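Read the structure below first, then the notes.
Values in this text are rule-based calculations from the coordinates and carry no lab data. The structure presented is a predicted model; accordingly, all values stated were derived computationally and were not measured. Here Cβ is always computed from backbone atoms with ideal geometry, including for glycine, and neighbour counts include all displayed protein chains.
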Amino acid sequence: MNLSNENIVHVKKDGIEYLQFRELLKYSDKLVHAYSLKPLQFSDKNEDAEKNYKKICDILGINYKKIIKSAQRHTDIVKDIKEFTNQKFEYVDGFITKAKDIALVTKYADCTPIIIYDNEKNIIGNIHSGWRGTLQRISQKAIWQMVDNYGSNPKDIIVCIGPCIKQCHFQVEEDFINKFKEEFGNVEKYYKYGEKEEGKQKYYFDTTSLIIDYLTEIGIKKENIFDSKICSVCNVDLMSSYRAEKENADRNMNIVMLIDEEEKA
Ligand SMILES: [Zn+2]
C-alpha cells in the first residue's frame with residue numbers, strides 16, 4: 001500500500017515507513033519531519049517505544065535523546081521551547097520553537113497532527129489537535145504565540161495537516177454538534193447527516209475544513225495549507241486509530257526539528 005498523493009510522500013526506508021509533506025521537503029536544509037507508520041509505535045505503554053524513537057531518528061538524522069514530548073491531555077496549551085529539557089510535559093498539547101536540534105514530538109490515534117512552519121523567521125510548531133483541541137482552536141493559539149514571541153507574520157506560515165479521523169469516519173451526535181455551534185456559530189457546512197440509531201441522529205463531522213477555515217481567518221494563506229487527505233480509520237493497517245482499535249490502539253508520532261546548519265556544515 002502506498003499513501004503518496006499530491007501533498008504526501010510515503011517513504012519506505014531501512015525497513016520502516018513514514019509520511020512526509022512534499023511542501024516541507026522543499027525546506028530540507030532547514031528542517032526535518034515525519035509522521036510514523038506501523039509497525040513502529042510510540043505510546044507510553046509500548047516497551048519498544050524508546051527503541052523505535054532511535055530507529056526513526058537515526059534515519060532522519062535526529063538525536064533521539066533530544067526529543068520534547070508531552071503526555072497530552074487535549075488542552076489548548078502550547079509551550080514555547082527555548083532550550084532542551086528532560087522535563088516530561090503533561091498538560092501541554094503543542095510546542096513551538098526557534099531552537100535548533102531539538103525535536104518536537106506529538107502522538108496520535110485519530111487526532112489531528114499539525115506542523116506549522118514560518119519559513120521567514122525559521123520557527124516550527126507541532127500541534128496535537130483532537131476534537132477538543134480543535135474546539136479550543138489550539139492551532140490558532142500556537143500561531144498567535146509565534147506572532148507574539150517572534151514577530152511571525154501569518155502570511156509566511158505553512159500549515160501541514162497530517163492523517164487523522166476524517167469526515168468519512170468521524171461519526172458524532174447532537175451534543176458534539178452543539179458544542180461546536182456554541183463556539184463557532186453556524187457549523188452546518190462542516191457536517192453531513194448520518195443515519196438515525198435508536199432514535200439518535202448521527203452526524204459526520206469534518207474537523208479538517210473547520211481548522212482550515214479558522215486558520216485562514218487569522219491570515220494564513222489558503223495556498224499555504226497542505227492537507228494529507230488521509231483518514232486514520234480507513235488506513236488502520238498502517239496507523240493507529242482509536243475509533244478502529246479502541247483501547248488496543250497504540251500511537252503514531254509526528255516529529256519535526258529545525259536543523260542546525262552550522263553544525264551540519
Ligand atoms: Zn475514513
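If I model a spin label as a point 7 Å beyond the Cα along the Cα-Cβ vector, how far apart are those points for Asp48 and Lys66 in nm?
2.8 nm
Of Thr85, Phe176, Val236, which is farthest on the positive side of the dipole of the chain, counting Cα position, with +1 on Lys and Arg Cβ, -1 on Asp and Glu Cβ, and the Cα centre as origin?
The residue sitting most towards the positive pole is Thr85.
If you average 1/r across every pair of different Cα atoms in the chain and take the reciprocal, what Kirkwood value do you get, in Å?
18.7 Å
Below 8 Å, C-alpha to C-alpha, sequence gap of six or more: please give me the relative contact order for the chain in percent. Could the numbers behind the result be given before it?
Details: 564 pairs, mean separation 63.4, N = 265.
Here the relative contact order equals 24 percent.
Could you tell me the relative contact order of the stretch 1-147? Use alpha-carbon pairs under 8 Å, at least six residues apart, and round to a whole percent.
That works out to 16 percent.
For the residue pair Val9 and Gln201, what label-to-label distance in nm results when each label sits 7 Å from Cα along the Cα-to-beta-carbon direction?
4.6 nm
Could you compute the longest span of the chain free of GluC sites (Glu not before Pro) located in DSSP loops and having at most 16 other Cβ atoms within 10 Å, not counting the site residues?
Longest stretch, sites excluded: 121-197.
In nm, what is the difference between 0.36 nm times the number of residues separating Asn2 and Lys229 and their Cα-Cα distance?
80.4 nm
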